[in-house]
Structures are given as C-alpha cells and as structure tokens.
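First up is the structure itself, then whatever we jot down about it.
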Amino acid sequence: MLRNEFHLPAGPNGEPAVYFCGNSLGLQPKGVADQLDRELRLWKERGVEGWWGGDEGGWLSYHRRLQEDLSAIVGAEPAEVVACNALTVNLHLLMASFFRPTERRKKIIMESGAFPSDQHAVRAQLQFHGLDVADNLIEVAPRSGEATIRTEDIVTAIEEAGDELALVLWSGVQYYTGQYFDLEAITDAGRRVGARVGIDLAHAVGNVPLQLHAWQCDFAVWCNYKYLNGGPGAPGGLFVHERHAADEQLPRLAGWWGHRQSDRFDMKPEFKPEYGAAGWQVSTAPVLGLAPLMASLPLFARAGGMEAVRQQSELLTGELYRILDALPGIRILTPATAADRGAQISVYLPGHRPDLEKRLSERGLICDYRQDNLDGSGGGVLRLAPAPLYNTLAEVTRVGELLGSVIGTR
Ligand SMILES: *Cc1c(COP(=O)(O)O)cnc(C)c1O
C-alpha cells in the first residue's frame with residue numbers, strides 16, 4: 001500500500017528481500033531518520049530548553065502528539081492511550097492497578113502457550129501477592145487434535161471460574177498460531193462475571209482493526225515495534241478505558257511522569273495522576289525512542305485507516321493461505337477463516353531442518369522458523385507474515401514458489 005515509504009532490506013542478489021517478518025520487527029519508514037534528526041537538532045541547539053521549546057511545543061507534550069494516531073489504530077479515545085515504557089513493563093504496571101486479588105476473587109485466566117514474557121509476568125504477579133500459581137492460574141488450551149482455541153471454550157472457562165476470577169488476560173492475535181480471538185465476546189464474558197479484562201495486543205495492533213473503547217476492556221498493552229514499525233525496542237503502548245481515566249483511588253506504581261503535567265514540577269510528594277492513560281507513565285518520556293513513531297504511526301491514516309489496511313491484509317494472507325494449503329506434507333496451524341486470523345500464517349513442517357531459516361534467507365526470504373517437534377519427526381513451525389503496508393501479492397507468489405522448492409529438497 002505504501003511500499004515506497006519503507007526501506008526494504010536487500011536480499012542476496014541485491015534486489016529487495018521478501019520480508020515476511022513484520023510481526024517481529026517492522027521495517028523502517030523512510031521518514032524516521034528525519035524525525036530523529038529533528039530531535040537531535042533540538043537537543044544540540046537548545047539543550048534542556050528542548051523540553052519547552054521547539055516548533056511544536058517541546059518534548060514535554062511529546063506523548064500527546066502520538067495519542068491521536070495511536071488511538072485511531074486501536075479504536076480508542078486519544079486520552080485512553082499512551083506510548084511509554086515497554087510491553088511487559090506496562091503489563092506489570094496495569095496488573096498492579098487491575099489485578100487486585102481478594103480472598104474470594106483471585107484467579108487469572110489466560111491462553112495456554114502464551115508468549116513467555118506474559119507467562120512470566122502473570123506468574124510473577126501471583127507470587128508477588130503470595131498466591132500459588134498452580135491454584136490460581138487457569139490456562140485454556142485448544143481441544144485435543146486442534147491447534148487453536150474455540151471461543152466457546154474460553155467463555156465457558158471464564159463462566160466456570162465465575163466470582164473467583166479476578167483477571168482475564170488474553171492476547172488479541174496469538175503470537176504462535178496467528179489466531180485472532182473474538183475479543184468482544186471474551187471481554188463480555190469477563191465483565192459478566194465481574195472480572196477485570198486486559199488484552200495483550202502485541203501481534204494485533206496495526207494488524208487487525210480494534211475497538212477497545214466499544215468493547216470495554218479495562219486495559220490493553222502492546223509493543224510498537226512489530227506491525228507499527230517503531231524500531232527495535234521502541235517504547236510500548238497502553239490503553240486504559242475511559243471509565244478509569246479520572247479514578248485516583250486505583251492503586252498505581254506511580255512515577256512523576258504520570259503526575260498531572262500542570263503541577264508536576266512543583267515537586268510535591270502527593271501523586272495526582274494525569275487524566276487517562278497518561279497517568280500510567282512513570283519515567284521521563286524517552287524522546288529518541290518515541291521519535292520514530294512520529295513517522296511510522298501516521299502511515300496508517302495515510303493508508304486509509306485500519307479497515308483499509310485489513311482489506312489489503314486479507315487479500316495477501318488469503319492468497320498465502322491458498323498457496324500453502326496446496327503444498328503437500330505440511331500442516332497449517334492458523335485458522336482457515338479470514339475473520340479468525342490476522343496477517344500471519346503459521347505452518348508446521350515435519351522433518352528435521354535446523355538450517356531452514358538460513359536457507360530461506362539465502363534465497364531472499366526473511367521469516368521466522370523455530371524447531372518445535374509437534375509430531376515426533378523433529379519438525380518446526382514457520383511463521384510468515386505479509387505486512388499490508390509494504391508487502392505485495394507478487395511477493396506472496398514468490399514465497400509460494402520458494403517454499404515449494406525448498407521444502408521438496410530437504
Ligand atoms: C512481542 C511480544 C512481547 C514482547 O514484550 P516486550 O516487553 O516488548 O519485550 C510480549 N508479549 C507478546 C505476546 C509479544 O508478542
């Protein structure tokens with residue numbers, strides 16, 4: 001859609017490589033260097049005055065300049081989102097506020113096989129509260145013989161946990177299988193039993209259209225370096241629903257950057273949160289880390305918004321699915337229905353191929369392969385994610401040919 005706006009890594013023959021790894025690290029928008037250069041110049045020319053000076057009001061309001069674009073991408077009000085910290089840190093900060101176990105209600109429910117960092121964070125939170133992990137963590141798994149989790153099984157598990165459930169923590173798009181969950185149904189179920197609902201959007205943001213405000217989840221977290229192309233280790237994002245925006249009673253692991261801006265520099269010990277998501281910032285905004293987002297986020301509006309991005313994505317991923325489905329001897333883990341998946345297709349390739357990623361990269365395809373012996377043959381899972389902003393249908397066709405030849409000649 002906006003391929004010309006991105007730097008494309010070179011393949012072995014000097015032509016652009018086929019980059020199907022935007023689910024891991026999105027490519028660099030061409031506008032990033034200029035944006036970084038502006039902040040470097042401001043720092044160079046004004047020093048500390050850069051916080052107040054500059055053309056656009058200085059770095060003090062830097063996070064505000066990102067809220068509009070970010071909120072459109074996740075379906076929220078601007079004040080409900082902020083870019084700060086990193087995904088796992090934000091997850092901890094928001095669980096500190098929204099996972100408040102009581103004697104009766106203290107369980108957390110999440111998908112089995114969640115991203116390790118989320119599993120670490122959830123276990124750490126339970127332990128932090130002195131709770132036994134085995135007794136209080138409910139993990140919902142796919143049915144035997146299935147690769148993805150049925151919505152009805154998630155809802156049933158939430159209902160069964162009932163008033164013992166403190167928190168539903170679910171992912172938007174599952175990082176491994178590419179399954180896009182029914183977040184509205186999951187949020188409804190969680191709220192019906194009186195639990196808080198938090199969503200990990202790492203693989204969903206910039207990938208599928210979201211309606212966080214309308215769905216009424218309590219909070220969400222994401223990273224900005226995957227489909228949002230914010231650069232390696234870019235600060236993360238968080239969402240807190242408007243109904244909590246002015247709640248000063250919510251416990252928080254507070255820091256001065258979350259204190260309201262109007263009197264932040266009076267240096268008083270009492271914490272008065274900034275309205276909305278910005279009240280969960282903790283430390284000084286990492287301006288140089290945020291700067292690339294100034295160039296990368298507006299590209300989504302330029303592409304016509306998330307609905308338009310999704311349309312292009314379904315075209316690319318639908319074609320990729322069709323091609324992969326016709327290859328013999330592989331098993332697709334990602335749902336066959338477009339509505340139940342994002343951009344990524346995950347396929348299990350039987351047979352030991354420790355150097356597959358390298359062999360594909362030598363032929364000009366950058367993607368992700370992990371050994372994962374699902375059937376005793378020593379095989380692994382290949383994850384292919386055509387990113388709608390910069391990948392093309394011609395690339396999808398090329399990947400099909402390439403995989404056909406490489407898989408055939410093990
Ligand atoms: C990528 C990813 C992360 C990464 O967390 P960081 O704190 O940004 O390093 C966490 N959770 C999920 C589900 C992810 O996909």
Near pairs, Cβ below 6 angstrom, 6+ apart or cross-chain, from region 78-93 (within 20 Å of HIS120 (Cβ to Cβ) and of a type in the set (Asp, Glu)) to any residue that is more than 12 Å from the ligand (Cβ to nearest atom) and modelled with pLDDT of 95 or more: none
Failed item in (1) crowded, with 24+ Cβ neighbours inside 10 Å; (2) more than 11 Å from the ligand (Cβ to nearest atom); (3) within 23 Å of ARG3 (Cα to Cα), with ALA204 passing the rest: (2)
Residue selected from region 102-114 under the condition touching a residue at least 24 places away in the same chain (Cβ under 8 Å) and surrounded by fewer than 19 Cβ atoms within 10 Å (Cβ to Cβ), by the criterion farthest from the ligand (Cβ to nearest atom): ARG104
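Would you check if there is a residue in region 225-243 being of a type in the set (Val, Ile, Thr), away from the ligand (no atom under 16 Å from the Cβ) and surrounded by 23 or more Cβ atoms within 10 Å (Cβ to Cβ)?
Our first condition is that a residue be of a type in the set (Val, Ile, Thr); within region 225-243, this holds for 240.
Of the ones still in play, those that are also away from the ligand (no atom under 16 Å from the Cβ) are 240.
After this cut, where a residue has to be surrounded by 23 or more Cβ atoms within 10 Å (Cβ to Cβ) as well, the list is 240.
Yes, region 225-243 has at least one match.
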Qualifying residue in region 1-9 (condition: surrounded by fewer than 16 Cβ atoms within 10 Å (Cβ to Cβ), acidic (Asp, Glu), more than 30 Å from GLN119 (Cα to Cα) and away from the ligand (no atom under 16 Å from the Cβ)): no
Helices (runs of 4 or more DSSP H) lying entirely in region 287-349 (those with 1 or more residues that are over 26 Å from LEU183 (Cα atoms) and either of a type in the set (A, V, I, L, M, F, W, C) or free of Cβ contacts under 8 Å to residues at least 24 places away in the same chain (or both)): 287-296, 306-325
Some residue of region 40-57 being on the phi < 0 side of the Ramachandran plot, away from the ligand (no atom under 16 Å from the Cβ), crowded, with 22+ Cβ neighbours inside 10 Å and of a type in the set (A, V, I, L, M): no
Filter pass, LEU183 being buried (at least 23 other Cβ atoms within 10 Å of the Cβ) and in contact with a helix residue (DSSP H, G or I) (Cβ under 8 Å, 6 or more places away or on another chain): yes
Residue identified as under 14 Å from the mean Cα position of the chain (by Cα), assigned to a loop (DSSP other than H, G, I, E, B), outside the structural domain of HIS7 (by TED's automatic domain parsing) and not polar (S, T, N, Q) among PRO251, PRO232: PRO232
Only one of GLY364, GLY380 that is touching a Pro at 6+ places or on another chain (Cβ under 8 Å) and surrounded by 14 or more Cβ atoms within 10 Å (Cβ to Cβ): GLY364
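The values are calculated or read from the model by the stated rules, or taken from the named source; none is laboratory data. What you are looking at is a predicted structure, and each value in this text was computed from that prediction instead of being measured. FYI the Cβ positions are ideal-geometry reconstructions off the backbone, even for glycines, and counts take in every protein chain you see.
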